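Report on one structure; see the data block that follows.
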Amino acid sequence: MISVESALELIDGAIEPLPSITRPILDSVGYLLSEDIRADVNSPPHDKSVMDGFAVRSADVAAGTKRLEVIETIIAGGWPERELRPGQAARIMTGAPIPAGSDAVVMVELTQVESTDAGDFVSLNVDSLEPEKHLLRTGVNFAKNQTVFSKGHQIRPSDIGLLAEVGAAKVPTGSKPTVAVLPTGNELVDCNQVPQRGQIRNSNGPMLIAMARSLGLEVTELGVGRDDSEQLRSLIETGLESDVLLLSGGVSAGTMDLVPGVLAELGVEQVFHKVKVKPGKPIWFGVANRGGKQTCVFGLPGNPVSSLVGFQLFVRTAIKKLMGGPANLSKSLVGELANDQQTRGDRPTYWPGQWVEDDTSVRKLKPLLWRGSSDLLALGSADGLIFFPADCHNNEAGKPIRFYPFA
Ligand code: AMP
Ligand code: MG
């Protein structure tokens, strides 16, 4: 059985990223950059005031000259017409360019203007004035040609301002995969039904759909597949029209676990089956290449927490690779274990956990009461999954531990 790390490497090797496309800036959120983005301007583009006030020469104030002739008014979007000479000031607005000769701005609240027949004069209520006060020099935020985003960065709404500032009206991005979801099992009924004898509600279908949608992906719902080769074949054929097909159930060793066989018949090439991980061991992954169309197929184990862990570890990674990113796990955090926790077996375990705060306001990670792969109750209060390595069964309180938050 392969390790999680080997499975991730196999996913990386088996998947070709989807094509890169240039998208209008507002359509680029959620996509990964397919190229570095460089600034086509300096920021700020000119020396500018960060206050409404008066542009002055700090040397005047140092020499005791604090009543100055106002020679012009510079507004944002305008441009200074004159250079400041000793004894002169310019009224200036926030964002407006600093006139030549000026090296500081005095905020309007510290000034008093007097209008005379000889023009306006401003008195500065300051004892001293440092050069560079309240102004920003050209390019101090970033310089023209500087790389402001690197290839592979996932664009967030908060990035759009910077993209706009550097003129990235069209953004080079990867693509998002389409996803089809097919839970399988004779025992499954819809969540709007009352399960009869032997039946359970289909948890995985809605859960996988929601998780894929939360990544901004378009999802096709294929309904529920029965443990019947004919029907599975037809539903899987439809699923192969998407970029990713997520099956759940039917991938273990039971006589009704028909999924791997049907996938093989349809020419979906197995990359791995079974990973040393708890929960989620029976996971199946393969790739179909039909008529130039690549589909990544995951057979997730039927138990809902196994499906969830499989999605978090492997499906998300495959999706990231399809979108043009690296095939690695989502970012983990490190926290301190809140209490002792025993684990069993020879597989690394991903355990539902919650952030808790003790009386010293230190946030710690508490493993929740959890009965295993069929127990979804703990997930309701979990913030994510705590990682317990395989080689340690007695995890003591206070131990630093890795945590994978739910997105
Ligand atoms: P399987 O992988 O098909 O052997 O299923 C393993 C366990 O997960 C069985 O107890 C199934 O009843 C359960 N199961 C399978 N599919 C689902 C599903 N979509 N929702 C909830 N439980 C499921
Ligand atoms: Mg089954």
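The values are calculated or read from the model by the stated rules, or taken from the named source; none is laboratory data. Computed from a prediction, not measured in an experiment: that's the story for all the values here. Neighbour counts run over all protein chains shown; Cβ positions are idealised from the backbone, glycine included. SASA here: full protein model, heavy atoms, side chains in, ligands and nucleic acids out. Shrake-Rupley method; radii C 1.70, N 1.55, O 1.52, S 1.80 Å.
Rg and Dmax of the chain over Cα atoms: what are they, in angstrom?
Expressed in Å, the Cα Rg and Dmax of the chain come to 31.0, 102.
Tell me the Kirkwood radius of region 101-195: reciprocal of the mean inverse pair distance over distinct alpha-carbon atoms, in Å. Mind showing how you got there, number by number?
On the way: mean 1/r = 0.0479 Å⁻¹.
For region 101-195, the Kirkwood estimate is 20.9 Å.
Suppose accessible area is computed on protein heavy atoms with a 1.4 Å probe; arrange Leu246, Leu379, Leu162 from highest to lowest. Write down the numbers at each step before the final one.
On the way: Leu246 0, Leu379 25, Leu162 50 Å².
Most to least solvent-accessible, the answer reads Leu162, Leu379, Leu246.
Could you give the angle, 0 to 90 degrees to the nearest 10, between helix 4-14's Cα long axis and the longest principal axis of the Cα atoms of the chain?
80
Between Asp117 and Lys331, how many nm apart are label points set 7 Å from Cα along the C-beta direction?
Simple spin-label model gives 6.8 nm for this pair.
Go ahead and collect, in residue order, the members of region 32-70 whose backbone nitrogen is under 18 Å from a label point 7 Å along the Cα-Cβ direction of Val140.
The answer is 42-59.
For region 9-84, restrict the atom set to alpha-carbon positions and state the Rg and Dmax in Å.
Using the Cα atoms of region 9-84, the pair Rg, Dmax is 25.0, 74 Å.
With a cap of 10 neighbouring Cβ atoms within 10 Å, and only residues DSSP puts in a loop, list the trypsin sites (Lys or Arg not before Pro) found in region 314-394. Intermediate results must be reported in sequence, preceding the final value.
Numbers: sites: Arg316, Lys320, Lys321, Lys331, Arg344, Arg363, Lys364, Arg371; in loops: Lys331, Arg344, Arg371.
Taking region 314-394 and a limit of 10 other Cβ atoms within 10 Å, the loop trypsin sites (Lys or Arg not before Pro) found are Lys331, Arg344, Arg371.
Would you please give the residues with an amide H less than 5 Å from that of Asp120, counting only those at least 5 places away or on a separate chain, with H modeled from the backbone geometry?
For Asp120, whose amide H was placed from the backbone, the distant partners under 5 Å are Val70.
Pull up the DSSP beta bridges for the chain and report the antiparallel fraction as a percent, rounded to 5.
Given both bridge residues lie in the chain, the antiparallel proportion sits at roughly 70 percent.
Taking the Kirkwood radius as the inverse of the mean 1/r across Cα pairs, report the Rg/Rh of region 110-166. Walk me through the numbers before you get to the answer.
Working: Rg = 20.9 Å, Rh = 16.2 Å.
Looking at region 110-166, the ratio lands at 1.29.
Report the Cα-based extents of region 1-155 along its three principal axes, largest first, to the nearest Å.
Each principal axis gives a Cα extent; for region 1-155 these are 89, 30, 23 Å.
Accessible area of region 1-128 with a 1.4 Å probe: how many percent of it is carbon plus sulfur?
Percent of accessible area from carbon and sulfur atoms in region 1-128: 49.
Principal axes first, then extents: for the Cα atoms of region 126-246, list largest minus smallest coordinate on each axis, whole Å, largest first.
For region 126-246, the Cα spread along each principal axis is 87, 33, 17 Å.
What is the extension gain from Asn289 to Ile2, computed as 0.36 nm multiplied by their sequence separation minus the C-alpha to C-alpha distance, in nm to one decimal? List each step's numbers first, then the result.
Values: separation 287, 0.36 × 287 = 103.32 nm, distance 2.37 nm.
Fully extending the segment from Asn289 to Ile2 adds 100.9 nm.
Taking the 0 to 90 degree range and rounding to the nearest ten, how far is the long axis of helix 229-239 tilted relative to the main principal axis of the chain, both from C-alpha atoms?
Roughly 10 degrees between the two axes.
By DSSP, what percent of the beta bridges with both residues in region 110-230 are antiparallel, rounded to the nearest 5? Could you put the intermediate results ahead of the total?
Details: 6 of 12 bridges.
Rounded to the nearest five, the antiparallel share is 50 percent.
Computing the accessible area with a 1.4 Å probe over protein heavy atoms, can you report the carbon and sulfur percentage for region 251-407? Can you show the working numbers first?
Working: 3460 of 7040 Å².
So the carbon and sulfur contribution to the accessible surface is 49 percent.
Taking the highest mean first, how do the peptides 53-61, 296-304, 6-14 order by number of other beta carbon atoms within 10 angstrom per residue? Don't skip to the answer; put the middle values down first.
Values: 53-61: 22.8, 296-304: 25.9, 6-14: 17.1.
Ranked by mean Cβ neighbours within 10 Å, highest first: 296-304, 53-61, 6-14.
Students often forget the sequence filter, so: which aspartates and glutamates lie under 16 Å Cα-Cα from Lys151 once same-chain residues fewer than 8 apart are removed?
Cross-link targets: Glu35, Asp36, Asp159.
Quick check for you: with a 1.4 Å probe and neighbouring chains kept, what is the accessible area per residue of the chain, in Å²?
Working: 19710 Å² over 407 residues.
For the chain, the per-residue accessible area is 48 Å².
Assuming 0.890 mPa s and 25 °C, estimate D for region 281-407 with Stokes-Einstein, Rh taken as the Kirkwood radius over Cα pairs, in µm²/s. Don't skip to the end; give the middle numbers.
Working: Rh = 15.9 Å.
D = 154 µm²/s.
Compute the distribution of all C-alpha to C-alpha distances in region 1-41, in bins of 5 Å from 0, and list the percent of pairs in each, rounded to whole numbers.
For region 1-41, the binned pair fractions read 5, 16, 18, 15, 13, 13, 10, 6, 3, 1, 0 percent.
Of all alpha-carbon pairs in region 217-298, indicate the percentage at a distance above 18 angstrom. Present the calculation step by step, with values, prior to reporting the outcome.
Details: 1277 of 3321 pairs.
Considering region 217-298, 38 percent of its Cα-Cα pairs are separated by more than 18 Å.
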